[in-house]
Amino acid sequence: QVQLVESGGGLVQAGGSLRLSCAASGRTYRSYAMGWFRQAPGKEHEFVATINWSGVSTNYADSVKGRFTISRDNAKNTVYLQMNNLKPEDTAVYFCAAREGSSGWSPGEYHYWGQGTQVTVSS
């Protein structure tokens, strides 16, 4: 069992930066792949980024590639999402998620979810 708690969301102007954190609890956290997803009002969960258990392998949605960076610190049981050059279309609730095994891009592949943190980008 893994519990996830996101933090770091807020209101930022376009072009600004935020860093989201996801604190995990559970003995097996270090063996889990982690992902970030987002959900805008009236839309489905959208894949943002994923990282494998060791942090060596990462993947990003095309819409955030070059602007967002996912990383993890297994000693702190925390995964991060550094978001730079934010755009109004990045506005959404951001969720972190965990899954056993390799990284995945589909929300349905993830077993555990946090409660989400709101990111609002003003133009």
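Residues of the stretch 84-94 that are touching a Ser or Thr at 6+ places or on another chain (Cβ under 6 Å) and either among the aromatic types (Phe, Trp, Tyr) or surrounded by 21 or more Cβ atoms within 10 Å (Cβ to Cβ) (or both): TYR94 alone.
Residues checked against (1) buried (at least 20 other Cβ atoms within 10 Å of the Cβ); (2) in a loop (DSSP other than H, G, I, E, B); (3) touching a residue at least 24 places away in the same chain (Cβ under 8 Å):
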position: GLY55; (1), (2), (3): no, yes, no
position: ASN59; (1), (2), (3): no, no, yes
position: SER71; (1), (2), (3): no, no, no
position: ALA75; (1), (2), (3): no, yes, no
position: CYS96; (1), (2), (3): yes, no, yes
position: GLY108; (1), (2), (3): no, no, no
position: GLN118; (1), (2), (3): no, no, yes
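Within the stretch 26-53, being open to solvent by 50 Å² or more (accessible area, probe 1.4 Å) and assigned to a strand (DSSP E or B) holds for GLN39, GLU46.
The values are calculated or read from the model by the stated rules, or taken from the named source; none is laboratory data. These numbers were taken from a predicted model, which means no experiment stands behind them. Counting neighbours? That spans all protein chains shown, and the Cβs are built from the backbone with ideal geometry, glycine included. Each accessible area value is taken on the protein alone, full model and side chains, heavy atoms only, with ligands, DNA and RNA left out. Shrake-Rupley method; radii C 1.70, N 1.55, O 1.52, S 1.80 Å.
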